[in-house]
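The values are calculated or read from the model by the stated rules, or taken from the named source; none is laboratory data. Source: prediction; values computed, not measured. Backbone-built Cβ (ideal geometry, glycine too); neighbour counts: all protein chains shown.
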Amino acid sequence: MLDQKNLPYHERFVQPTAKEQKVEATLEKNKMLRSLMSVSLQQDTLADLHEHLRVAMMLELSTIPPYLCALYSIMKGDMTDPNYKEEYGDNAEAAALIRSVMMEEMLHFTLAGNILNAVGGEMKINHKEYVPEYPTVLPDSAGKFQVHLSKFDKAAIRTFLRIEQPTPPETKPKLEGYTTIGQFYHAIEELMKKLEKEAKKKKKTIFTGDRKLQIDDTYYYGGGGKILEVRNLTTALDAIEEILEQGEGSETTIYDNDDEFGQIRELAHYFKFNEIYEAQRYAHCQTDPKDPPEGTKMDIRYDKVYNMGIDPKTEDFVTDELKALSHEFNLEYRKLLDLLQSAFQGQQEDFLEAVGVMYKLRYKAVALMRNPIPGKRINAGPTFEFVEK
Amino acid sequence: MKEGKEFDVVIVGAGITGAIIAKELSARCKGLDILILEAGTGKSSDFDDYEKYNDQYYNALAKTPNSPYTDSPYAPSPSVLDITQIKDNEPDTNGYFVQYGPFPFLSNYNRNVGGTTLHWLGTTLRMCPNDFKMKTLYGHGVDWPIGYDDLKPYYRRAEYEIGVSAEVNEQEILGITFDKGYVFPMHKIPQSYLDMYMTKNMKGLTFKDDGVTYPVKVISTPQGRNGMPNPKYKNFDTREKGFMPVGAVGNPDLGQRCEGNSNCVPICPVQAKYNALKTLHDALQNTKSKVTLINQSPVSTIEIDPKTKKVSKLHYKTFKTSKNGVRTVINNHTVRGKIVVLAANAVENAKILLASDACTRSNQVGKNLMDHLVMLTWGYMPDDIGAYRGPGSTSGMPLMRDGSFRKNRSAFRVEIGNWGWNWPANTPESTLQDAVADGLYGKDLIDRIKKETSRQFRIGWEMEQVPSDKNYVTIDEKYKDELGNYRPVIHYTMNDYEKRGALVASKLSEKVFEKLKVTPATDWQDTAPGYFEYEYEEDGKKKTFKSVVNGAGHVVGCHRMGDDPNTSVVDSNQRAHDHKNLFVAGCGSFPTLATSNPTLTMAALAYRTADEIVKEFTS
C-alpha cells in the first residue's frame, strides 16, 4: 500500500476509488477500450497505422462531449448581481479553463486527422464504429475508468484530472493493450518510424497522401494552438509531440511546451483542471508539478449549474417534446460529424459551416439542460447518440 | 516615477496613433526610454480588463458607443446622450462638451487605453487622390501638403498593422491605385445577404448629377476585422510572406476570425475587430527600447522654453479613487521629453495646445473641426433580407465619393447597414416593445417580430464637411472638469454646402428605395439634436428640405497640416511648425475630411511621423 502523502502531488489522484475498482472488470466491453485493445495487437503494417490514427481521432473526439457537458451546464450570470457576468456567471474562470482544454482537444483531433491524411489513410469520422458512446472508458496507469457525460461538479473534474494525468516515464507499453494514452501515441510514433524506415529502404515513403487534404491555418484557427501541416516523418512526429505535451506537461513543469510552437506559456491540461479542483490558481512563479496551487483563490459555484443527469439517453426523456429536442440535437451532432468528414476529404470550406453547427449544438444542449425530466429529480442533457441515416 | 524625469519620447494618448508610434520606435531604435501618458483608465494587455468591458456592455441599459468603457469624472468622455438642440446664446453644458452651436457637434470619442478604436466600426477606406486637392480641383477648403502617392507606402503599413480584409480589384476605384502585386492581408469579409440582394435588384441603376451619370453600385468595404488570410500576401517592408490574423490581447486564440457577433460598435466581444490594445501590447513587448504606459494621467499643459521654443516640460495630473469610491487623491506631476508627441483625440490635442499657449503663429489651433454628417433613411424591404447578421456594414455604394459636383455640394459616402434600424430606431428592442404594447403574445408576437425585423433596412449617407473657421474648439476658465482641466468649448455649424449634399443624398435615397421597392419608414422629430432645414429653389419654386443628421464619430481637424506656418499648425510629418521637438498627431492634422472614415489615414500618418522621429534618434 502506497503512502498517499509521500506521493508526488500530481500522482495523488491516480488511485482509483473502491467503486471504480469494482466496476473496472466490467468495462472491457466498452467501445473505446475495445478499439484501443484491438489496435494494440497489430503494429506491423501501414493498414495498422491507419487504424491507430482513426482510433486516435476517436480518442480525441471522445473527450470533447464530456467537456462540453460540463461547460454548457454552467449557468449564465445573475442579472440582478451588480458584478453580473454574462457568460458562465460566477464560474467564468473555471469555464474559461475547461473551454481552453476542449479547444486543444479539437486541435489534437485535427492534428491526428492531418497525420492520417498524410499517410494516405481513409477518413472515417462519421462512421458509427468510430463515434464514442457514453459512458466511455479510458485507460491510465492506475487502471481503466469511466468518463461520463455529466454536469459541472467535483466528480467530473476529478475524472478530467484522470483523463489528463501525466504518464510516469517508466511505464512500458503492454501487449494486451495500452496502459495510458501516452503509450498509445508513442506506439504510433514507433510504428511510423518503423514503416518509414522500411519504405525508405525501397526508396519510397509512407507519406503519400494528397497534400491538398492537409488542414492549415486558413480553416483551422482560434482552436487551442497552431495547426501543423503534416508532410513527412518530422512534421508527423512534431504533431504527436504537440498532442502529448499540451495534454500532459512533463515531470518537471506544470506548463506545456507550446512556446516551441510559437505560442504563449500555458498550463498543461492536468494542471488547469487541478486549479478548478482546488479552487485556486497556480501562482505566476510556480513550475513544480509536486506543489499544490498557491495563487489567488478562484470562485467555484457548483450550485450555479443545470442539474443534468449523468449519461442521459433519449429514451429516458419521458415526454415526446424532450425526446424530439434530443433527436434534434443528435441530428446536429451527426451533421457536425458529416461536415468534419467532408472537410478532411478536401471540402475544407465545410469547416466554416461546422462552426455554425457547433453554435446550434450549444443552444440545443442548453435547452435540454434547462428542462427537468418529469417524474425525475434531474434535468435532461445532450446524449451525443449517433443517428443512422 | 521620478518627478521631472526626462524620457527620450513622451507620447500623450494611448490610442492608435500613440500605439503605432510607440511600437515603431521601440522596434527600430535601441535603448530609448518611451513614456505614454493616458488620461483615461484601462489596461493595455489584460484580457480580464476587456472582459469587464464586455460585462459592462451587457449591463448597460443604453448601448451607446461608450457604454462598455469605464468613464471617469477626472477624464470624462463625451457621450451621444448629452447632445441637445442649442437654444439661443445658451450653451449646452449637459455633458463634457460645452456647446455653443448654433448647431451641436454630434460626435464623441473614447478616453481610455485603446482610445476610440475600442468602439469604432472598423472601416478602413483609403482616401481617393482627389480628396487631397479639394481647393485646386473644387475650390473648397484647402489642399493637403501631400498627395495620395506620398501616403501609399504608409497605407500599406497601416493595413498590415490593423489587419485589413479586402480585395484589391474591388478597391481600385475613384483613382485609387495599388502597387503591383499588392494584396490586402486578408480576403474581404463576406458580403451580407443584403449586399447581394441589393446588387441583384439594383442592376443598371444610375444617378445623374452635375451632368455626369454615376452607376449606383454595391461594393464591399475594406474592414479592420479578421477574415480569411490571403496566402498571396507579402509584407512589402519585411518581405514576410503570408499573414496571421491577430486575436484578442492576452487570449490570442480568441478572435482570429470575425464571428458575426453583430455588435462591433460598441464592442467586439472577441476582439476580431482591430483595437489599439493589440498594437500597444506589441509596443510593450518590444525589448530594443523600453515603453512605459501609465493611465489615469491626463496632461493639462505643455511648457514652452521661451528661448529655444522647444517643449521643455509636460504637466499632468494623476488621480486615484479609494476602493469605496469616496475619496480621490489628486497629484500634480511634471515630466520631460526630448521629443513630445501629442497623440490624443483632435479635440484633446487642441485643448492642450490652447491651454499651453503653444502653436500660436497660425491662429489655427482648434479651428476647422469636422465630422461626417450622417443622414439615415430607412424602410421595409419587400423580402426577408436577413437583417441583424454580421458586422455593422460590409458594403457601400462608394462611386459618388468624388466628382465635379464637389464644387457645389459636399460628397458623401453611402454605407449600407446590416443591423436593421438599430441606429435610427433602436430596433430590434423597440420592435419587441411596440408589439408587446399592441397586446401581442405567443406565436403572434414571434410572427410579428420575425416579419418586421427580417425586413428592416437602412442606409447611411455620410456627408463630407468642409473646413470652416465657424467650427472650432476653444477653452474657457468657466468650464473645467473635476481635475481642473479645461472642458472643450465648441462652436459649430452645418453649412449650406453640406445641406446641399444631404438634399442630393435624399434624392438618391428615394431612387434606391423605389428601385428596391422599399416601403419608407424614415421618421424623425424636429426636436432631434441634428435637425436642420435648407431652403432652395427647384423648378422656379421655393422649397424647404428638412432632415436630421447624426455624428459619425470622425472627429477631424483642429491642428491642420500644411507647408505654410502661417496657415497651418503642423507640417506633413505632423511636426509643429512653431516647436521643433513637438509633434501633434492624429485626425486633427487632416486639412480636409474626405469621404473616407479617417482611421486608416490617421494610422498611415502615424507611420510617417514615426519614421521622422526615428531619424532624430538614428542620425
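What the table shows:
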quantity	calculated
Residue within the range A:109-116 that is touching a residue at least 60 places away in the same chain (Cβ under 8 Å) and touching a Lys or Arg at 6+ places or on another chain (Cβ under 7 Å) present	yes
Residue within the range B:228-236 that is among the hydrophobic types (A, V, I, L, M, F, W, C), over 19 Å from B:Val168 (Cα atoms) and under 27 Å from the mean Cα position of the chain (by Cα) present	no
Single match in B:Asp33, B:Asp71 (criterion: at negative phi and at pLDDT below 95)	B:Asp71
Odd one out for B:Phe243 among (1) outside any strand (DSSP E or B); (2) within 22 Å of B:Phe47 (Cα to Cα)	(2)
Residue, surrounded by the most Cβ atoms within 10 Å (Cβ to Cβ), within the range B:209-239, restricted to residues that are more than 14 Å from every other protein chain (Cβ to nearest Cβ), in a loop (DSSP other than H, G, I, E, B) and among the charged types (D, E, K, R)	B:Lys217
Counted residues, the range A:33-78 - those being of a type outside the set (Gly, Ala, Ser), over 16 Å from the mean Cα position of the chain (by Cα), more than 14 Å from every other protein chain (Cβ to nearest Cβ) and closer than 24 Å to A:Arg158 by Cα	3
Criterion: at pLDDT below 95, part of a helix (DSSP H, G or I) and either more than 10 Å from every other protein chain (Cβ to nearest Cβ) or closer than 25 Å to B:Tyr53 by Cβ (or both) - qualifying residue of A:Asp81, A:Asp90	A:Asp90
Residue match in the range B:435-447 (condition: touching a Lys or Arg at 6+ places or on another chain (Cβ under 9 Å), farther than 25 Å from B:Phe103 by Cα and either crowded, with 20+ Cβ neighbours inside 10 Å or aliphatic (A, V, I, L, M) (or both))	yes
Test: residue in the range B:48-55 that is under 29 Å from A:Glu86 (Cα atoms), of a type in the set (Phe, Trp, Tyr) and over 22 Å from the mean Cα position of the chain (by Cα)	no
Residue satisfying condition, being assigned to a loop (DSSP other than H, G, I, E, B) and crowded, with 17+ Cβ neighbours inside 10 Å, within set B:Val340, B:Val270	B:Val270
Yes/no for B:Val549 being touching a Cys at 6+ places or on another chain (Cβ under 9 Å), on the phi < 0 side of the Ramachandran plot and buried (at least 22 other Cβ atoms within 10 Å of the Cβ)	no
Hits in the range B:39-63 (condition: assigned to a loop (DSSP other than H, G, I, E, B) and either among the aromatic types (Phe, Trp, Tyr) or surrounded by 16 or more Cβ atoms within 10 Å (Cβ to Cβ) (or both))	B:Ala39, B:Gly40, B:Thr41, B:Gly42, B:Lys43, B:Ser44, B:Ser45, B:Lys63
Elements of type helices (runs of 4 or more DSSP H) in the range B:105-191, at least 1 residues being buried (at least 18 other Cβ atoms within 10 Å of the Cβ), under 18 Å from the mean Cα position of the chain (by Cα) and hydroxyl-bearing (Ser, Thr, Tyr)	B:148-162
Complete set of residues in the range B:388-431 that are in a loop (DSSP other than H, G, I, E, B), of a type in the set (Ser, Thr, Tyr) and without any contact (Cβ under 8 Å) to a residue 60 or more places away in the chain	B:Thr427
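Each row is one residue, and each column tells you yes or no for (1) touching a helix residue (DSSP H, G or I) at 6+ places or on another chain (Cβ under 6 Å); (2) among the hydrophobic types (A, V, I, L, M, F, W, C); (3) within 28 Å of B:Thr318 (Cβ to Cβ); (4) within 14 Å of another protein chain (Cβ to nearest Cβ).
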site: B:Lys23; (1), (2), (3), (4): yes, no, yes, no
site: B:Pro68; (1), (2), (3), (4): yes, no, yes, yes
site: B:Pro73; (1), (2), (3), (4): no, no, yes, no
site: B:Asp82; (1), (2), (3), (4): no, no, yes, no
site: B:Pro91; (1), (2), (3), (4): no, no, no, no
site: B:Phe97; (1), (2), (3), (4): no, yes, yes, no
site: B:Phe105; (1), (2), (3), (4): no, yes, no, no
